[in-house]
Amino acid sequence: MSSYIDKVSSSMENKHNIRNVSVVSHVDHGKTTLSDHLLQAGGLISKTMAGSARALDYLEEEQKRGITIKTANISFIFEQEKEPYLINLVDTPGHVDFSGMVSQALRLVDGVIIVVDAVEQIMAQTESVIRQSMNECLRPILFINKVDRLINELKLPKEEIETRINNIIQMVNELIDQYDNSSSSKEWKVRFDKGTVIMGSALNGWAISSYSKVIPQFDQIIEFHEEDNIQQLRNDYPIVNAFLTSIIENVPSPLEAQSKRIKHITQFMDESSHQAIQECKNDGPLISCLGKMLYEDNRGIISVIRIFSGSVKSGSIIRNRRTGNTSRVQQVCIYKGQSLVTIDSVGAGNIAVIIGLKDVQIGDTLVAERDNPPNILFDQISYLQESVISQRIEPRKVSDIPKLQKNLDIFSLIKPNFHYSTDENSGEMKIHGIGELQLEIIIGEIEKAGITVEVSNPEVTLIEQMEEEVRLQKKDQLNLLEITITCQPSQDDSKDCVYSDYRDNCLKTEVKFPTEEISDLFVIGFQNTIRRGPLRNYPIRKLTVIIHNIQELTLDSLRYEIIVPLLRNAIHEALLNGKVGIFEPIYRFSINTPIHYLGPVLIVLQRFNSNIEGTDSIGSRSSIKGEISVESSLQIASELRSASDGYVFWQFDFIGYKRKK
């Protein structure tokens with residue numbers, strides 16, 4: 001263990017030879033199998049286990065379900081031409097219910113490996129992870145996996161295989177071009193001759209790229225498969241060589257990446273902070289971003305941070321730019337599989353695990369505690385999904401209520417797209433998440449903690465949303481205070497909000513509040529208002545409120561009991577004048593079925609009022625794409641299984657809301 005720490009510690013000093021990279025894809029396209037091979041290259045698992053160990057899927061639920069449901073970090077050393085490189089690898093979930101974890105992981109890295117199944121091609125979550133990667137300004141590498149399926153299952157000739165692969169490359173580049181926000185899309189488009197396209201089979205351990213010593217023709221690869229000579233294919237074209245060379249040559253080092261990324265992932269920064277991040281020096285001021293949080297009973301909150309400048313060690317005092325509060329670091333670690341390994345310090349350009357931080361949230365900007373701390377604020381990590389499913393939850397034992405609330409508080413802090421609510425009158429608790437699988441996993445974790453719970457069937461979260469802008473003046477009932485506000489549908493930019501939330505609600509002000517306490521009262525009033533709309537008491541979404549003027553009509557009128565109800569009444573009146581409507585969440589679906597079940601599956605989709613956008617048949621299977629309401633999706637699962645004798649596979653991807661008819 002000490003030699004591992006010594007190697008990693010020394011490699012952290014050479015910023016040119018650090019590579020921070022994440023593996024992303026649609027569910028079951030082969031991310032974790034690929035990660036096994038990369039770990040084998042670093043000497044962390046044996047060569048015989050690579051491809052089948054699923055070493056980073058160490059949770060019991062992951063092993064049972066065969067899918068990744070959390071992000072996993074690991075650091076290892078790879079030597080190329082006697083030059084050691086430190087690879088900080090982050091494996092991510094592919095299932096849409098855990099897409100928030102992908103968003104968090106991408107803040108920590110500088111490049112991504114996008115894994116695409118050669119048969120299934122570009123799926124809903126493939127597009128999502130490319131969009132997320134471009135939002136974070138990350139250099140992409142494309143791995144076209146499961147090429148063996150084109151040969152063994154679909155029996156495609158050489159020409160059709162080449163066409164299929166070229167189509168995948170073209171589709172990925174179109175998405176890179178569509179979502180790139182850094183003017184790098186031309187440079188970042190993936191190409192085989194540039195080493196940013198790799199193709200092969202992670203399960204069988206072979207891959208080819210422009211870095212392969214000899215690049216075979218597809219008829220040679222077909223011949224290897226027809227002769228069942230996979231071992232020779234693996235020997236001649238080892239997957240590790242293709243990948244590690246591509247990562248080293250194409251994923252930028254922190255020195256190169258940080259200077260390009262920083263303006264795209266910060267709200268503001270002073271010149272000294274900008275320079276410190278560009279220099280990426282251990283002796284610079286500490287500037288870091290919290291990208292992920294976990295919880296362990298014996299350690300408490302565990303914070304995973306990306307260090308952009310400076311270094312962190314045990315005993316360091318860190319200031320949270322969001323709260324202004326400070327915390328003392330109890331322990332600094334790095335990940336080795338599921339194990340945390342203590343290390344003396346971690347410097348700029350690396351990913352560190354910190355124990356001891358208090359009152360922190362994912363996305364927080366953490367800086368050095370000094371007289372003149374760095375003046376910088378990272379963008380909050382943005383999530384493409386929303387919590388659109390809820391379930392009522394109640395412990396069987398009343399005595400377990402405090403324990404349940406403690407667990408839900410922790411989950412709300414560390415799990416993206418999850419929160420819980422408690423009814424003020426009845427005390428009823430509800431858990432809210434992206435989908436049924438996410439809530440099912442969380443309920444399982446609660447019961448593992450020794451709390452037996454009763455849960456209701458899943459329910460859909462409807463929302464109230466404004467469609468037209470309204471400006472009005474409003475006085476409280478006693479004519480003590482008057483406010484002038486504008487309510488309007490929210491725009492994309494929320495950087496100048498006094499308060500914003502995950503539903504794109506935003507409070508802005510053109511008024512300078514007399515004190516911070518009064519500012520807080522307006523925020524509290526806004527928070528209370530958006531919890532329940534004026535039509536059906538559903539949550540409010542995409543509402544921006546601008547406070548133009550506050551006029552005290554009598555002394556001492558800026559009090560809680562006046563401000564909070566006045567702001568609520570004013571906003572509700574504006575909403576009703578602005579054609580507020582009830583909106584329901586919508587999924588985009590991607591369904592894969594054997595071709596002879598296509599007809600029955602289409603009949604089911606039509607019965608549930610789905611909007612079918614198109615079908616495509618490849619070999620013996622068909623894919624169907626379209627849109628469906630979340631409410632219908634909760635009822636359709638058993639029907640789809642029945643119509644296909646259980647052979648259908650589907651995934652739903654939240655795309656937004658539509659006005660309910």
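Could you check the spin-label model distance between E516 and N577? Points 7 Å from the Cα along Cα→Cβ, value in nm.
3.5 nm
Would you calculate a helix-derived [θ] at 222 nm for the chain, using -39,500 (n - 2.57) for each DSSP H run of n ≥ 4 and dividing by the full residue count, to the nearest 500?
The per-residue figure over the chain is -9500 deg cm²/dmol.
Over the Cα atoms, compute the radius of gyration (one decimal) and Dmax (the largest Cα-Cα distance, rounded to a whole number) for the stretch 467-579, in Å.
13.1, 38
What is the extension gain from N457 to Q331, computed as 0.36 nm multiplied by their sequence separation minus the C-alpha to C-alpha distance, in nm to one decimal? Write down the numbers at each step before the final one.
On the way: separation 126, 0.36 × 126 = 45.36 nm, distance 4.22 nm.
Once the chain is fully extended between N457 and Q331, it gains 41.1 nm.
Expressed as cubic angstrom per residue, what is the convex hull volume of the alpha carbon set of the stretch 265-378?
On the way: hull volume 10.9 nm³, N = 114.
Per-residue hull volume (Cα only) is 96 Å³.
When we measure straight from the Cα of K358, which lysines land under 19 angstrom away, once same-chain ones fewer than 8 places off are left out?
Candidates past the 8-residue exclusion: K292, K313, K406, K415.
Tell me, what is the percent relative contact order of the chain, built from C-alpha pairs under 8 Å that lie six or more residues apart?
Rounded, it is 10 percent for the chain.
Pop a pseudo-label 7 angstrom from the Cα along the beta-carbon direction at both E279 and E445 and give the gap in nm to one decimal.
4.0 nm
Roughly how many debye, to the nearest 20, is the charge dipole of the chain about its Cα centre, given +1 on each Lys and Arg Cβ, -1 on each Asp and Glu Cβ, and no other charges?
The calculated dipole for the chain is roughly 520 debye.
Over the stretch 389-461, what relative contact order in percent results from Cα pairs under 8 Å that are six or more residues apart?
Over the stretch 389-461, the number comes to 49 percent.
Take L576, L366 and order them by how many other Cβ atoms sit within 10 Å, fewest up front.
L576, L366
Taking the Cβ of R319 as the center, what net charge do the other residues with Cβ under 14 Å away carry, scoring Lys and Arg +1 and Asp and Glu -1?
The answer is +1.
What translational diffusion coefficient, to the nearest whole µm²/s, does the stretch 165-250 have by Stokes-Einstein, given a Kirkwood radius computed over alpha-carbon pairs, a temperature of 10 °C and 1.306 mPa s viscosity?
On the way: Rh = 14.0 Å.
Taking Rh from Cα pairs, D becomes 113 µm²/s.
Describe numerically, in nm with one decimal, the distance between label points set 7 Å from Cα along Cα→Cβ at D6 and at V523.
5.0 nm
Based on Cβ point charges of +1 for Lys and Arg and -1 for Asp and Glu, what charge dipole magnitude is obtained for the stretch 467-579 about its Cα centre, in debye rounded to the nearest 20?
Details: 15 positive and 18 negative charges, 94 e Å.
The dipole of the stretch 467-579 has a size of about 460 debye.
Would you mind getting me the FRET efficiency between E223 and T163? Use the beta-carbon distance for r and R0 = 22 Å, nearest 0.05.
My answer for the efficiency is 0.70.
What does the charge count near T593 come to, summing +1 for each Lys or Arg and -1 for each Asp or Glu among other residues with Cβ under 14 Å from its Cβ? The partial results should precede the final answer.
On the way: positive: R621, K625, R641; negative: E120, D616, E639, D645.
Overall, the nearby charge balance is -1.
What order, most packed first, do the peptides 446-456, 132-142 have when packing is the mean number of other Cβ atoms within 10 Å of each residue?
The packing order, highest mean first, is 132-142, 446-456.
Given the Cα-Cα distance of D344 and N609 and 0.36 nm per residue of separation, how much length would full extension add, in nm?
89.5 nm
If you take the beta carbon distance between Q473 and N425 as r and set R0 to 41 Å, what does 1/(1 + (r/R0)^6) give as a FRET efficiency, to the nearest 0.05?
Working: r = 32 Å, r/R0 = 0.79.
Computed FRET efficiency for Q473 and N425 comes out at 0.80.
Rounded to the nearest 5, what is the percent of antiparallel bridges among the DSSP beta bridges in the stretch 467-579? Walk me through the intermediate numbers first.
Numbers: 17 of 21 bridges.
Bridges in the stretch 467-579 that DSSP calls antiparallel: roughly 80 percent.
Need one number: % antiparallel among DSSP beta bridges in the chain, to the nearest 5.
That works out to approximately 80 percent antiparallel.
Could you tell me which Cys residues in the chain have no other cysteine's Cβ under 4.7 Å from their own Cβ, answering none if every one has a partner?
Those would be C137, C280, C289, C333, C487, since no other cysteine Cβ in the chain comes under 4.7 Å of theirs.
Less than 16 Å apart at the alpha-carbon level, and either on another chain or at least 8 residues along: which aspartates and glutamates does that give for K475?
Excluding near neighbours in sequence, the set is E552, D556, E561, E573.
In what order do H548, H274, H26 fall by count of nearby beta-carbon atoms within 10 Å, going from fewest to most? Don't jump to the answer; show the numbers that get you there.
Details: H548 14, H274 18, H26 27.
Fewest-to-most Cβ neighbours within 10 Å comes out as H548, H274, H26.
Rounded if a/c is under 1.5, else prolate if a/b is larger than b/c, else oblate: which is the stretch 389-461, with a ≥ b ≥ c the root eigenvalues of its Cα gyration tensor?
rounded
Net charge near S9, counting Lys/Arg +1 and Asp/Glu -1 over other residues with Cβ under 15 Å of its Cβ? It would help to have the intermediate numbers written out before the result.
Working: positive: K7, K15, K313, K336; negative: D6, E13, D344.
In short, +1.
Once the dipole of the stretch 467-579 is set up with Lys and Arg at +1 and Asp and Glu at -1 on Cβ about the Cα centre, which of I530, N479, L566 lies farthest towards its positive end?
Farthest towards the positive end: I530.
Specify whether the C-alpha gyration tensor of the stretch 583-659 places it in the rounded, prolate or oblate class, a ≥ b ≥ c being the square roots of the eigenvalues: rounded for a/c under 1.5, otherwise prolate if a/b is larger than b/c and oblate if not.
It comes out prolate by the Cα gyration axes.
Using only the Cα atoms of the chain, build the gyration tensor, take square roots of its eigenvalues as a ≥ b ≥ c, and label the shape rounded, prolate or oblate: rounded if a/c is under 1.5, else prolate if a/b is larger than b/c, else oblate.
oblate
Give, in whole angstrom and from largest to smallest, the semi-axes √(5λ) of the equivalent ellipsoid of the stretch 471-533, with λ running over the eigenvalues of the Cα gyration tensor.
Numbers: eigenvalues 83, 42, 31 Å².
With the √(5λ) rule applied to the stretch 471-533, the semi-axes are 20, 14, 12 Å.
So how do F418, F411, F526 line up by other beta-carbon neighbours within 10 Å, fewest first?
F411, F418, F526
If you count, for each residue, the other Cβ atoms within 10 Å and average over each peptide, how do 530-543, 228-241 line up from highest to lowest?
530-543, 228-241
How big is the antiparallel share of DSSP beta bridges in the stretch 389-461, given as a percent to the nearest 5?
100 percent
With an 8 Å cut-off on Cα pairs and a minimum separation of 6 or more residues, tell me the relative contact order of the stretch 265-378 in percent.
35 percent
Expressed in nm to one decimal, what extension gain is obtained for the pair L553 and N14 from 0.36 nm per residue of sequence separation less their Cα-Cα distance?
187.6 nm
Lys/Arg Cβ at +1, Asp/Glu Cβ at -1, dipole of the chain taken about the Cα centre: which of Q331, G581, S633 is farthest positive-ward?
Value computed over the given set: Q331.
Quick note: the coordinates plus some simple rules give every number you see, no bench work behind them. These numbers come from a predicted model, not from an experiment. Quick reminder, even Gly has a Cβ in these numbers, built from the backbone with ideal geometry, and neighbours come from all protein chains shown.
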